[in-house]
Amino acid sequence: MGGKNKQRTKGNVRPSSSGRAAEVLTREGGVIPGFVGFGSAVTSELSYVPAVHGAEDIDNLVDADFRLVLRKLSKRDVVTRLKAVQDFGSMCQERDAEEVKGVLPYWPRIYCKISVDHDRRIREATQQAFEQLVLKVRRSLAPFLKSLMGHWILSQCDTYTPAASAACQAFQAAFSPTKQPEALSFCKDEILSVLQDILLKETADTLSDPQSVTEEERDTKYVRMLTSSLLGVKRLLSLLLPEDRVALEEKLAHLVNSGKFWKYSKHKTPQVRGAFFEMVCALCEFMPGLVQAEAARLCPTVLLSIDDTDPVVLPPVWEAVLHVVSTIPDCWTHVNAKKGFLPKLWALLKEGGKGMAKALHPNLMPLLSKLPPQVTDPNLDFYTTFFTAFVQGLSSERAVTSPSESAVIVTSFVECMRYCVLHNIEEDEDQRKIRTMLISQQLLPLLEESLRNPSLQNGPLFLLGTEMLISWEKRAGLHSEGEANDNKDVFQRLLVDFWEDLGLLLVRYVDNEDADPQALEGVASLLQVMRYPERVNKRHVHKKKSVRMCFSKPEDNEKTGVEGMHFEDVVCQLAQLCLVHVNEKNSERHLVFLSLLLRSFHTSRVFSVSHRDEVIMKNPAMHFLLERVVVWLAEKGRRDTEHLVEMVFSSLYCCSRQETTRILSHITTMDLQWGIILQIIQRACTDPETLQSCSDWLKGSVLGEQLLGLTEELCKVGSSSYGSTSSTSSHSWTLISLVLSQRHNNESLIGEVYMEKILEKLHTTLLETKSLSDAGNMEPLISFICDVASTFFSSVQDCLLLVSAEELLLTVFQLTAQDQTHTHMSDSLLDKLKKVCAAGVQSLVQHCDYEVTEGGFLHSAAVWVTKQLLTVSLDIKGLQVLVLAVQSLVETIISVCDRASDILIQFFTLLMPSQTEWTRLRLALPPQVCKSIQIFTVENSGNATQLLWRSCEERTLLLLNQRCYVTTLAIVTVLYTENDLCLSSLFPVSQSKLSTLQVLCPIMTQEDRETLVALATAGLVNWQENEGEYNVYGCLAVLLCCLQANTHVEEEVVLAILATVMEWRNSREDWFLFSSDISKATAEQLNLSVEIMRFLSWLVTHCPTVLGGSQWDFLLCSMLAWLETASENVSSLWNPWVQLFVCENAALIVKLNQFFTSSSSELLEKLPSELAGEWTDFFIEGIYNLLLPLPVKITGAYITFGFFSKKSIGMALTYVPVPQLNQNSLPPRFIADQKTNLPEPLQTLLNTFCPLLLFKARPLQITVYHLLEKVMPQLPECDGEGDSNKYDDDRDEPCLSPPASLMAILSTCEELCDNILAAVQVGEFAVVQPLSVEYSCILGYLLSWKLLLTFFKSSPSHLRAHYAQYLKRSCSLNKLLLHLFKLMPENPSIPTDGVEWELPHLACSVYYSTVQDLPAMVRLAAVEKFTIKYVSPVLSAQEISSVHTSTQMFDSMTVKARSAAREVIATYSVDDIFIELVIQLPQNYPLGSITVESGRRVGVAVQQWRNWMLQLSTYLTHQNGSIMEGLALWKNNVDKRFEGIEDCMICFSVIHGSNYSLPKKACRTCKKKFHSACLYKWFTSSNKSTCPLCRETFF
């Protein structure tokens, strides 16, 4: 068995083998010896995969895959073991049962080891795998149960809940509930042996290998095993049968007799202590004899541990206490209750259970019932101390802050009090004193405290106290179902004493001029709960946080509360006191209290209190209402009337329906504030019963007439003055809205007659606003009407069945369909009207039976729109508003209606003009035609289709302008899809037919487009000499429409068409307009040339390889000839057709440039060999010799520049090569006294194009910029050549200038920008009208600076200093920065396509380039000064102000701000540690860094202090938030550090700065934890996967 490299003994021809040795031993001895950890599976010893059988036997017993997995289970790596366990479970599930059974002999030892593994994931996976094993082998597991069951029970009590749950699930899978006791009985001795060994013999070092496991992990495992063992004993006892428990008594006695066992009650780990007491509970329950024998040690251990308030320990401790006092009668003989038990109990009660009231206090009443007299004597003192400590516990910090804790304490208090009263009901003096003490010294003071404490009021005290009183009343015989008992007199006297004392208490609170409103509300709440406890109990069950009462009439089946004359006497006394204070001292708080009282106590006796005479009245409630409440309501200046309204309805509960109607009608006519009427109606609608009793008044004429008069008054006041927005008016409009929209059982709240009249009045008012010249005064009124109408339309079903409602909706629609210049309404009001209109239309068309009938809304709207179109002179804006209104109407109908198509067909049929009207419109030329066509955008209208078809036949389609194109397209789509269009009938092509085909082509089918191509090709190829150019132009235009729609065309067809065009070049050269005066050309001739250009552009893009050399020559020569023609006819560019001619020629040039510069080499190889060279050597020069002078010629002719777009000359000029610009053929242009080192062509180029940067034509300015940008990088080279000469000539310091022509333009632009932006303050955003003169000046200025910065960036370093000196002397950069800060938007963003965003975006771009290319100059120039002068004061003040006004509160940290010193001081204190930080904002904030200075510090190490200072400084420098947010993050960091969480050793912070996570990724070697993000950054930056501290590989 030596090493591989050792010398083998002579004659030993075979290497040593343990397997062979085992075979020899087997042959000799007949059995496999069990030594060195090996043993047979049938014994109780653990076994493993045996090596003694040899390789052959192993293969026979265990599958190879299983063997591999089992070997992996012994590896040290956690991940390997976890994966092996998971694979084992999967294999058990997938393999045959016989293969799995082969593993069983070796499974017990493996299971006993890995089921208590350090890693909880492995423990959980082990149980899951065990379950799969159990399900597969079933009964075959039986021989191995004794080896497994001990650790199986241990695993079922694992402290990691998922692992314990998995073990229990495996146990249930193995044994049914009836078989579980049998299985445990079979293995009970082995189980208890395993558990006893762990509890009495094992230590942390014996359970784990000290050499391979850290001390922390060893201790953790030991604690876990102890906990599981103690709980395992409990589980074993609970599952065993009684006879089996008796059999175990001897072994358990050995365990209980051990001193080590009792030490677990004082173990330092709460889990162990908790498990110990749980086991004690099990012993008391299942082994009472054993417990009785050990009472001397058990009783002190349990009863003197009640002060252990750990959340894990306290519940089992108190469960054990109850078991001990119940199981061991003489338990108190082993404990000194007076000195040991009770003082701890009092301390615990005074502290409210130390936050564990939910676990502690429910046990107090059972404990109280088990306390013997020797513990409680003297009873009076004991109960006094007991309940006093109880009440003091309610004032503990935890009880005050936690309503649930307080509720538990109160509940337990009342339970114990009820118990004490019931057990002290004798007539002797001692028990009488106890009862008196409980009432006067405990219950009443607690009730008094609750009157001042809202949290106690919202708790269960009132309800529980009421239930206690009811139980006393039943025992006193005051209830009909009361119990018969001998102590009736005792409870009667008890109740008398209670009500007498409570009455004095409540009177003391109420009979006070300065009574606390909170206390009065508490008194009312107490009495209301006593009156209706059942109602409160329902609410309390469903909503625990607060107790809310319902104050309506009690239901018939509701149980009544406290009864008896004493209760009502107290209520009457309090009501009388309230009336005295209200009448004599006008006390508002007592009036509110009286209202609260009457909500629950609306009885005749209570109402009769207000009458001092003895006259018997028929209805005291009605008399009280008329004599008292109505008078209070009528008082002037009363603001809060809600409680008076409640008092009204409390009185009405005692009135009949007729009396209710009469009283409410009287109140309505009293000229009260409308807000009071609103409150009365709202209160009447709160419940069905009240609404039913008030329905006669609501639908009656008195209220209806009052509301109608109110509506008229509001409309009158609103239209005549500005005062319609007062609070009174607001209440009035709310009232109108309520009565119109509120419905019950699909009935209106008020009479429908009055509802119609109110809607008619609102409609009339809106109609009047349309005729006023200035609607500004009416805007508040219209806004109120909108609110009312919106609520009405959206709330009331079938609201549009009222004629007045439809008329109102029509008026609203008309207001939304008119231009604001006529209605004078604001945008917000118009939006509100649109929403009202949408709500009304939705409500209108939601009914399935709705039809467009005469007089209805849609009919009237269609007639009105048609009238507007036919008779009213509308401008473009008015037409747009009208169209948008109709569009919104149609969209609303479609969105909510299933029958939208039918309704819309009816609607659009009404919109259609008649034949006479249509003819008149068609003859009136575009404007009116556009109006009609744009309105008729509907796909389902057959009339619209017929109308369009007729217009196409009558050649009227040409009258449509561009504004109608999109709408026309939609209508033509309907025409094409609904009609069989004969395409051949459209040839020969006329102007109208061509327009129709151009619209139809994009939406045609592929087959129809191919048919069109065939027809157009035939027309082109078969052309005749005598044919006019128009037929050819039409065919070519139709062909191009199809080609641009991606219609497939054969190459032969394309070549045939091109051959035809080339034939025209020879036979009809005049069609091409080469070298001709195009000012004399007709529109048809120009259009034909344009179509030929488009066709050639399409060939270049789609079929370049089809063309041969002659065809390419024709294409390129024609392009150049057309360009020459355009260059010679600049004076004719005023003609739009000529502009189109030039633009398409330029587009062809762009296509050719893109083709030759962007095509792949493979594509270019397929072209004629000499083509690329000819393009480069000849055509490029010819093109740009003609193109470069063209902008100058055009500007000299003062032609408009609408065609300078990306598809025209400007785009073509951007492709000019740099060599062509350097050697241009422009006419020489020089300026006198202009110092320059540039060659003549470049100087001429600059002098020619720089002035065009200021030309008022944006496309030309952009084009010139792109041209000059190409040559800017070359210009510094010229200055570099002449630098030495200049230095010699001038003795002064040289100061080179950028190009003089550019600087001249820059100087001119600078002056213009100064004048334009003079009125704009720095920091404000200057809005420039797009395409105005100012816009052109600023655009030229910014483009000039872009060119200058490009020039500066391209210059070498030795020249850059000279240029910088020049810019510094000229102060140009300072002015630029000032202008940029006026042009840059407040919140820069990516620009949209709109021209209005071009200048702000360009200004941001220039600023970025300036900071990038001239950083030092920018710092020296205006940015620092500008920031300090304009930005820093504002930002600093805002930051300091945000600290002042912040509502964020910190525990243990205070934050103060000093605005004058720009400082924020944060003071952090916890225990003996005191930290003070001073955060200083720099003068140039936010450019400079925020500094964090050290104030005072106590109890913090220097290194830790430096780390925290660095953390805060880093947060404040790099965070995206405020100082308060940075401080909050820093405080959390420090808090976590004090909680014991160590810093991440990469960023030295507990909380990560960006994702706020805690360090969780731990190194397995050094155990230090890091943030995941920090580790990722560490690994990626270091290119290693090692721990930052110990440098071991990080897994």
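The values are calculated or read from the model by the stated rules, or taken from the named source; none is laboratory data. Note that the coordinates shown come from a computational prediction; the quantities given were computed from them, not determined experimentally. Backbone-built Cβ (ideal geometry, glycine too); neighbour counts: all protein chains shown. Accessible surface areas use protein heavy atoms only, side chains included; no ligands, DNA or RNA. Shrake-Rupley method; radii C 1.70, N 1.55, O 1.52, S 1.80 Å.
Measuring r between the beta carbons of LEU207 and SER90 and using R0 = 35 Å, the FRET efficiency lands at 0.75.
Each Lys or Arg adds one and each Asp or Glu subtracts one; over the other residues with Cβ under 14 Å from the Cβ of LEU200, this totals +2.
Of the accessible area of region 86-195, with the probe set at 1.4 angstrom, what percent is carbon plus sulfur? Of the solvent-accessible surface of region 86-195, carbon and sulfur hold 46 percent.
Rolling a 1.4 Å probe across the protein heavy atoms gives region 809-870 an accessible surface of 41 Å² per residue.
Label-to-label distance, SER1459 versus HIS1444, with points set 7 angstrom from Cα along the beta-carbon direction: 0.2 nm.
For the set MET1272, MET1509, the ranking by accessible area, highest first and with no ligand, DNA or RNA atoms included, is MET1509, MET1272 under a 1.4 Å probe. With a 1.4 Å probe rolled over the protein heavy atoms of all chains, the accessible area of TRP1137, TRP1098 falls in the order TRP1137, TRP1098, largest first. On region 317-434, 53 percent of the accessible area sits on carbon and sulfur atoms, based on a 1.4 Å probe. From most to least packed by mean Cβ count within 10 Å, the peptides 143-155, 504-516, 1165-1177, 880-892 give 143-155, 880-892, 504-516, 1165-1177. Counted by Cβ distance under 14 Å from LEU322, the other residues give a net charge of -2, where Lys and Arg count +1 and Asp and Glu count -1. By accessible area, using a 1.4 Å probe on protein heavy atoms only, region 216-265 has 54% of its surface on carbon and sulfur.
For VAL1455, the solvent-accessible surface computed with a 1.4 Å probe is close to 40 Å², ligands and nucleic acids excluded.
In the complete set of protein chains, residue-level accessible area for CYS1309 is approximately 0 Å², probe 1.4 angstrom.
Surface exposure of region 151-269, expressed per residue as accessible area with a 1.4 Å probe, stands at 45 Å². Computed on region 215-351, the Cα convex hull volume stands at 114 Å³ per residue. Hydrodynamic analysis of region 1069-1121 uses the Kirkwood radius over alpha carbon pairs. Inserted into Stokes-Einstein at 4 °C and 1.567 mPa s, it gives a translational diffusion coefficient of 108 µm²/s. Ordered from largest to smallest accessible area (heavy atoms of protein chains, 1.4 Å probe), the residues ARG418, ARG1068 come out as ARG418, ARG1068. Enumerate the residues in region 133-160 having an amide nitrogen under 17 Å from the point lying 7 Å beyond the Cα of SER258 toward its Cβ. In region 133-160, the label zone of SER258 (backbone N under 17 Å from the point 7 Å along Cα→Cβ) covers 150-151, 154.
Cross-link pairs exceeding 31 Å in C-alpha to C-alpha distance, out of LYS1353/LYS1584; LYS72/LYS221; LYS339/LYS488, comprise LYS1353/LYS1584; LYS339/LYS488. Solvent-accessible area of GLU642, all protein chains in place: 110 Å² (probe radius 1.4 Å, heavy atoms, ligands and nucleic acids excluded). Given R0 = 41 Å, the distance between the Cβ atoms of HIS423 and ASN512 translates into a calculated FRET efficiency of 0.60.
Legend: residue pairs LYS146/LYS251; LYS1382/LYS1531; LYS266/LYS358; LYS354/LYS1567; LYS201/LYS344, Cα-Cα distance threshold 29 Å; pairs beyond threshold, LYS1382/LYS1531; LYS354/LYS1567; LYS201/LYS344. When the pairs LYS835/LYS867; LYS83/LYS1568; LYS1193/LYS1235; LYS1270/LYS1346; LYS716/LYS757 are compared against a 18 Å limit on Cα-Cα distance, LYS835/LYS867; LYS83/LYS1568; LYS1193/LYS1235 fall above it.
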